[in-house]
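Coordinate-derived values only; no laboratory data. Treat the numbers as computed from the prediction; the structure is a model and nothing was measured. Cβ atoms come from the backbone with ideal geometry, glycine included; neighbour counts cover every protein chain shown.
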Amino acid sequence: MIEMRVKLLFLDTPRVRRAVDKGTRAALSKAGAFIRTAARHSIRKRKGVSEPGKPPHSHAGHLRRLIFFSYAPADQTVVIGPVRFGGGEAPSLLEFGGTTSLKDRARRRRRAVYRKRPFMGPAMEKELPQLPRRWRNSVRG
């Protein structure tokens, strides 16, 4: 009985939880910002098509500008990636490769094959070793 009272006097559980939540939000938001920046920097403005396996080249700059991150407090997760634009498939096709159906100027359908040009996966792999250092000392009382 006495031990329990002593614990209650010294450990403020709601305060500790708030501090942990605040630290988690800060660490994950920083991670999201660094991964987003790494992904944006990997996409270079160049003419032509990038080599398969390398990040895509940017011609108009849309893909670079549309990469965002968002912290989800309910799940305590961070989501990082491009928003859907145009037909919505382009970022996914660039990252993972695949096929799609396109219409040409004469409104005829043709099949287009995209080879992998990942930009989000390599950005995360680049920043992953830094996460423990950024998480360290994130909880302050």
| task | From (1) under 22 Å from the mean Cα position of the chain (by Cα); (2) assigned to a loop (DSSP other than H, G, I, E, B); (3) among the polar types (S, T, N, Q), pick out the condition that doesn't hold for Ser70. | result | (2)
| Limited to segment 116-135, what total is found for residues that are exposed (fewer than 14 other Cβ atoms within 10 Å of the Cβ) and over 19 Å from Arg40 (Cβ atoms)? | 3
| said: Just to check your reading of the model, which residue among Arg107, Arg84, Arg40 is outside any strand (DSSP E or B), in contact with a strand residue (DSSP E or B) (Cβ under 6 Å, 6 or more places away or on another chain) and either farther than 19 Å from Ser138 by Cβ or among the hydrophobic types (A, V, I, L, M, F, W, C) (or both)? | reply: Arg40
| query | So which of Ser138, Ser58, Ser92 ends up being surrounded by 15 or more Cβ atoms within 10 Å (Cβ to Cβ) and free of Cβ contacts under 8 Å to residues at least 12 places away in the same chain? | reply | Ser92
| said: Being under 15 Å from the mean Cα position of the chain (by Cα) and of a type in the set (A, V, I, L, M) is the filter here; which residues of segment 98-139 pass it? | reply: Met120, Ala123, Met124, Leu128, Leu131
